[in-house]
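Have a look at the structure below before the remarks.
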Amino acid sequence: MDERILKWLFDIKICVDEIESFFKGKEKDFLKYKENIMLKRAVERNLEIIGEAVNRIITRDCSFVERINNSRAIVGLRNQVIHAYDNISDENIWSVLTHHLPKLKLEVEKLIKESQV
């Protein structure tokens with residue numbers, strides 16, 4: 001695997017781990033998330049980095065569009081957070097955190113592991 005792609009996969013993993021650390025030892029509570037502006041901005045920043053890393057990966061090797069589920073949607077979310085910041089839905093971000101991020105983490109860990117074989 002290309003070293004740059006591997007680096008970007010690790011960037012994604014680090015961001016996912018950081019987001020998970022924000023909730024470590026705490027119940028994931030949407031209302032608390034919605035009220036905590038610092039937490040929201042930290043999550044959004046990590047999602048920006050994840051989206052940029054995915055964009056770089058699929059630009060460098062288009063086969064990753066199929067290897068990372070919803071890769072185009074991940075990039076789309078990054079673009080929305082950056083360019084349409086006034087139109088971000090807390091509910092949408094929460095759905096990403098609770099449903100899509102755990103799947104992305106598994107995919108990225110699998111890709112990293114495959115690269116080390």
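The figures follow:
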quantity	calculated
Alpha carbon convex hull of the chain, projected area averaged over orientations, nm²	7.2 nm²
Given charges at Cβ of Lys, Arg, Asp, Glu: the chain dipole, positive-most of LEU111, SER71, VAL43	LEU111
Net charge dipole size for segment 1-71 [Lys, Arg +1 and Asp, Glu -1 on Cβ; Debye, nearest 20]	180 debye
Paramagnetic reach from LYS40 (point 7 Å along Cα→Cβ, amide N under 14 Å) across segment 52-87	81, 85-87
Which listed pairs, of LYS40/LYS103; LYS40/LYS105; LYS7/LYS110; LYS7/LYS32, have C-alpha distances above 25 Å, in listed order	LYS7/LYS32
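Each reported figure results from applying straightforward, stated rules to the coordinates on display, with no laboratory input. Just so you know, these numbers come straight off a predicted model, no measurement behind them. Counting neighbours? That spans all protein chains shown, and the Cβs are built from the backbone with ideal geometry, glycine included.
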